[in-house]
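*Asks:* Have a look at this one before I ask anything.
Every read-out reported here was derived from the displayed coordinates using simple, explicitly stated rules and does not represent laboratory data. Computed from a prediction, not measured in an experiment: that's the story for all the values here. FYI the Cβ positions are ideal-geometry reconstructions off the backbone, even for glycines, and counts take in every protein chain you see.
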Amino acid sequence: IDTVLRYLAQLETRVLELFRSGAALSDVPDKAALPEFAGWDQYEIVHRRNASVLFVRMEREQMFNYRERMR
């Protein structure tokens, strides 16, 4: 469990860096690589999906917050 929590924390940190830097969603799967976990079963598929989903959630949250501020 500790390893998964470390993965999730590192994933969030990396994706947030990409989000704040203005990265495009299409670049996120490659730029969010976490070599420490590359040996995990199906890392290439699962990690790329996780990074993309997290990025889209961040975009959604930003849009939602913007809409709320505009009210």
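*Asks:* Under the 0.36 nm per residue contour assumption, what length would be gained going from the current alpha-carbon distance of Y66 and V53 to full extension?
*Replies:* 2.7 nm
*Asks:* Could you state the angle between the C-alpha long axis of helix 43-70 and the longest principal axis of the C-alpha atoms of the chain, as a value from 0 to 90 degrees rounded to the nearest 10?
*Replies:* Helix 43-70 sits roughly 10 degrees off the main axis of the chain.
*Asks:* Can you give me the relative contact order of the chain as a percent, contacts being Cα pairs under 8 Å and 6 or more apart?
*Replies:* Relative contact order for the chain comes out at 35 percent.
*Asks:* Quick one: angle between helix 2-20 and the longest Cα principal axis of the chain, in degrees between 0 and 90, rounded to 10, please.
*Replies:* It is inclined by approximately 40 degrees.
*Asks:* Quick one: dipole size for the chain, taken about the Cα centre, charges +1 on Lys/Arg Cβ and -1 on Asp/Glu Cβ, in debye to the nearest 20.
*Replies:* Here the size comes out at about 420 debye.
*Asks:* A further question on this structure: Per the Kirkwood definition applied to all pairs of different Cα atoms, how many angstroms is the hydrodynamic radius of segment 6-62?
*Replies:* It works out to 11.2 Å.
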